[in-house]
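Written out below as structure tokens is the structure these notes cover.
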Amino acid sequence: MEMPTPDPRILALKSRLVQRLREVLPHDAVIDDETETRVYECDALTAYRCPPLCAVLPASTEEVSAVLKICHQEGVPVVPRGSGTSLAGGALPTADCVILGVARLCDVLETDYDNRFIKVQTGRTNLSVTGAVESDGFFYAPDPSSQLACAIAGNIAMNSGGAHCLKYGVTTNNLLGVKMVMMDGTVVDIGGAHMDAGGYDWLGLICGSEGQLGVVTEATLRILPKPEGARPVLIGYKSAEIAGACVSDIIKAGVLPVAIEYMDRKVLEVVERHAKAGYPDCEALLIVEVEGSPAEIDEQLGLIKQIAAKHDPVELREAKDAAEAGRIWLGRKSAFGAMGQINDYMCLDGTIPVSSLPHVLRRIGELSTEFGLEVGNVFHAGDGNMHPLILFDANKPGDLELCEEMGAEILKLCVEVGGCLTGEHGVGIEKRDLMNVQFAPQDLEAQMRVKDVFDPAWLLNPAKVFPLADTAARRAQPEAAA
Amino acid sequence: MIEPTTERELADAVAGASGPFAIQGGGTRGIGVPVAGERLSLAKLSGISLYEPGALTIVAGAGTPMSEIEAALRSEGQMLPFEPMDHRDLLGTDGTPTIGGVVATNASGPRRLRAGACRDSLIGVRYINGHGAAVKNGGRVMKNVTGYDLVKLMAGSYGTLGVLSEVSFKLLPKPDASGEVTLRDLSLADGISAMAAALGSPYEVSGAAMMPGEGSVVRLRLEGFENSVGYRGAELIKTLKKFGPAEMTMGGDDDWRAIRDVSVFANKSTVWKVSIKASDVPALLESALAPSHAYDAMLDWGGGLVWIGADDSQLAAHSAADAVAGAQALHTDLQTHLARIGGHATLVKGSDDLKVRVPVFQPEVAPLVALATGLRAQFDPRGLFNPGVMG
Ligand SMILES: Cc1cc2nc3c(=O)[nH]c(=O)nc-3n(C[C@H](O)[C@H](O)[C@H](O)COP(=O)(O)OP(=O)(O)OC[C@H]3O[C@@H](n4cnc5c(N)ncnc54)[C@H](O)[C@@H]3O)c2cc1C
């Protein structure tokens, strides 16, 4: 993956820049020592690394504003960073950028159960948002698997999803307001505790903009009362086709499960070895979870079991209690970790229309044979968000490139059947150069013009999302800022 | 009037335009200052191009009548989650409401509480930009973070950023049954507390409305499988015990239509839509407005949405001046109060006289005004699309 050549003008600026940043931040909040900047050299897309010019850790919106003002004046690119768990290289630095980390901004500012919201600083981790309201019977719905580590900042930037988004939506559907600092240091409040923000849908635009429009320092998030209970059922099938038909029938029948998760044989084998969840021997496994009171759960699961049974399952197992539910989820929740233990893998994230599931899985199988790389599939089946995991050997020369090539083929396939390149992980650098597969030039131009409005000098996370060639002219004008 | 029959024709019309357009779906939602421009009707860009019940998705031309969409969905037991308002009752308009008009106004009804607004269900758009080029964003899949989300930006932009040609939605199964828990004679503050308690319970309330004043009523809707609705209703009544006796009835499909369409204010000359934190409503209605203005109010979304309506005699009572002056004073007080506490008010219905005197939409802070102006300059550099409607 190519990154722009660092600007020698900026590299030469380092000592003055660091000095200016220290004038507005405490000494330990400016990290310029080359051994320490390495901490920020990559996110969870670890195949790509590059230490930044320096990193800053502001502890207030005012400090963020002061930092951005300086970088704006000096024409220095800024890459915002939450917890660095992006799988798309969204937080990957360039050698001539300042990493702006929000890890020190992690307070809860307000909780309000009557109006059902929580206001937090965005460095706070996803899970600890729920942690702050859980004992009062509430939760924050979007639940990425990385929720222990990832920050609300990154969730907003990537519009992250989670296992339960079939029912509760993704980040953008749960975001009520933000405080954001623009590249020139201007602080702006958008939305708030009320349900619909006024004017144009700024929140919708900012959510998922991958740190390219502004640095979000505070967020008002919708919280929900916890359901009375939840219970999954596990269904094993002989083929992907049958599992796909079952998913479609469940949806058509009018039940709305909170989650429908899918795992294929490859993943099942690894997970079985790793977590011993007691999964059946089958080609396709579904975990379907519903919520409500015990009687409501029984009724919904009854209907789901009826539908599932029509498709002749290899196994149909309902969780009777919390322990059994835990065992059913155990394997799914450890799937990524288990796969990581046996191999290096690249996790794709394309979405497809659910009706294309069998076709796409078949084609992925063929590509796997063609490229000689194994693939495991584990994903959110209810919404068609696939996560093919391509296994490769990082130490074998050429294997990463081969894997990337195969990944690109799979993503093109997703687009071809009417889907998209990324359902929840974001474009970052990873899918940047595939954007032309999904979008025509005028589609990308419309998006880049939004960035022109928010960040005319293209200083915020400039080398991401759009194909480098398409943004070259826009990025080559840092003086425009000063 | 121009009435293109294909997206291509629409694009050509925009490319060759010499002056501004007043863009129209079915012409039922005339909100904002009337636009001086050639009428551009989307009515012929009509028809459902894709409907996949098993994937909960539908794609349709922007001019597709709502009745056609609703009929198709009904036949598969599905629905648009956000229960879009039909503006004809309130605005006294006739014509055929279209799906494009729903998107342009981000029209969302009582179920917005649980299921989100129109913008939350909208998953894809095609539109013509100010240069006459067709642009697509989003698509037909329900999880998509590829590039910026211009889909949401187009929702609620009142046709000022582009002319929609096609829209895609994610859907929900239509609930089997619905029921309602009703509380009576509560004060405004108690009514809001009761709705907050209901919405803070796990019983999945999908509508919470209140008609305050003499003989006030709080209505709480439950939807789902019949047994489940019954069970949750009973539990909800227990939860709300301290607010007095409540009554549970099983209901029909159309019970919430009047609330959705704000039909009670059909006879009002002037109507505002207020988005506000529910617990701020008593201070707004009882302290900020009531002492100097006469009006009626209806609460939806648990109090997060307040409809304020007044007829000319109520408005004229404000001062010796006429109804327009009274409406202007109420408008100003309303927007000033909201600017201070957070929230916003839109003048949804009012005389053209009034609309040119006041900002129809709540004015935004300076940095957002700059962004809005910048966006319009980028998306519609020649100022063709509904100029002036949103400021
Ligand atoms: C094991 C694992 C499992 C995962 N599971 C899921 C999952 O289930 N669902 C899912 O959606 N994702 C998942 N992810 C991806 C990742 O966790 C999410 O993208 C997450 O939201 C990133 O958050 P972060 O705080 O780590 O952000 P970072 O990685 O630090 O940054 C991500 C992006 O946000 C921008 N950004 C950071 N802070 C700000 C700010 N303050 N203002 C503006 N922009 C900012 C960055 O510039 C970057 O572009 C997973 C990742 C891992 C490693």
(request) Among the residues of segment A:180-195, write down those that are buried (at least 23 other Cβ atoms within 10 Å of the Cβ) and either within 16 Å of B:Gly156 (Cα to Cα) or of a type outside the set (A, V, I, L, M, F, W, C) (or both). (result) A:Ile190, A:Gly191, A:His194, A:Met195
(request) Give just the number: which of (1) over 20 Å from A:Gly214 (Cα atoms); (2) small (Gly, Ala, Ser); (3) surrounded by 15 or more Cβ atoms within 10 Å (Cβ to Cβ) does A:Ala12 not satisfy? (result) (3)
(message) Checking A:His380 against (1) touching a residue at least 12 places away in the same chain (Cβ under 8 Å); (2) away from the ligand (no atom under 12 Å from the Cβ); (3) assigned by TED's automatic domain parsing to the domain that holds A:Ile410, only one condition comes out false. Which one?
(response) (2)
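If you take just the helices (runs of 4 or more DSSP H) that sit entirely in segment B:287-391, which of them hold at least 2 residues that are in the same structural domain as B:Trp272 (by TED's automatic domain parsing)?
B:312-316, B:323-341, B:352-357
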(message) I'd like to know if segment A:427-439 contains one or more residues that are touching a Pro at 6+ places or on another chain (Cβ under 8 Å), small (Gly, Ala, Ser) and part of a loop (DSSP other than H, G, I, E, B).
(response) no
(message) Being among the small types (Gly, Ala, Ser), away from the ligand (no atom under 14 Å from the Cβ) and more than 10 Å from every other protein chain (Cβ to nearest Cβ) is true for just one of A:Ala253, A:Ala275. Which residue is that?
(response) A:Ala275
(message) Step by step: first the residues of segment A:78-103, then only those that are within 11 Å of the ligand (Cβ to nearest atom) and out of contact with any strand residue (DSSP E or B) (no Cβ under 7 Å at 6 or more places or on another chain), then the one that is farthest from A:Pro4 (Cα to Cα). Which residue is that?
(response) A:Ala103
(request) Considering each residue of segment B:253-302, count those that are touching a Leu at 6+ places or on another chain (Cβ under 9 Å) and of a type in the set (Gly, Ala, Ser), and give that number. (result) 10
(request) Can you give me the number of residues within segment A:157-172 that are touching a residue at least 40 places away in the same chain (Cβ under 8 Å), part of a helix (DSSP H, G or I) and more than 9 Å from the chain's Cα centre (by Cα)? (result) 4
(message) Checking the structure you have, find out if any residue of segment B:50-58 is assigned to a strand (DSSP E or B) and at pLDDT below 95.
(response) yes
(request) Take B:Pro175 and decide whether it is without any contact (Cβ under 8 Å) to a residue 40 or more places away in the chain, over 20 Å from the mean Cα position of the chain (by Cα), facing chain A (nearest Cβ under 10 Å) and within 19 Å of A:Pro257 (Cα to Cα). (result) no
(message) Within segment A:393-406, does at least one residue satisfy the condition of being assigned to a loop (DSSP other than H, G, I, E, B) and within 11 Å of chain B (Cβ to nearest Cβ)?
(response) no
(request) Give A:Val233, A:Val187, A:Val215, A:Val170 a once-over and let me know the one that is within 12 Å of another protein chain (Cβ to nearest Cβ) and touching a helix residue (DSSP H, G or I) at 6+ places or on another chain (Cβ under 7 Å). (result) A:Val187
(request) Run down B:Gly224, B:Gly213 and say which single residue is crowded, with 20+ Cβ neighbours inside 10 Å and either modelled with pLDDT of 95 or more or at positive phi (or both). (result) B:Gly224
(request) Scan segment A:134-156 for residues that are within 13 Å of the ligand (Cβ to nearest atom) and part of a helix (DSSP H, G or I) and jot them down. (result) A:Ile152, A:Ala153, A:Gly154, A:Asn155, A:Ile156
(message) Can you confirm whether B:Leu368 is buried (at least 20 other Cβ atoms within 10 Å of the Cβ) and at pLDDT 95 or above?
(response) no
(message) Which pairs turn up if I take residues in segment A:416-435 that are of a type in the set (Lys, Arg) and look for partners that are within 9 Å of the ligand (Cβ to nearest atom) and in a loop (DSSP other than H, G, I, E, B) with beta carbon separation below 8 Å, at least 6 apart in sequence or on another chain?
(response) A:Lys431/A:Ala88; A:Arg432/A:Lys464; A:Arg432/A:Val465
(message) Out of A:Leu203, A:Leu176, I need the residue that is aliphatic (A, V, I, L, M), more than 14 Å from the ligand (Cβ to nearest atom) and either within 14 Å of B:Pro367 (Cβ to Cβ) or at pLDDT 95 or above (or both). Which one?
(response) A:Leu176
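Please list, ordered by residue number, the strands (runs of 3 or more DSSP E) wholly in segment A:29-133 having 2 or more residues that are closer than 30 Å to B:Ala198 by Cβ.
It comes to A:108-112, A:117-121.
The values are calculated or read from the model by the stated rules, or taken from the named source; none is laboratory data. What you see is a predicted model; the values in this text were computed from it and never measured. Positions of Cβ are generated from backbone atoms using ideal geometry, with glycine treated the same way; all protein chains shown enter the neighbour counts.
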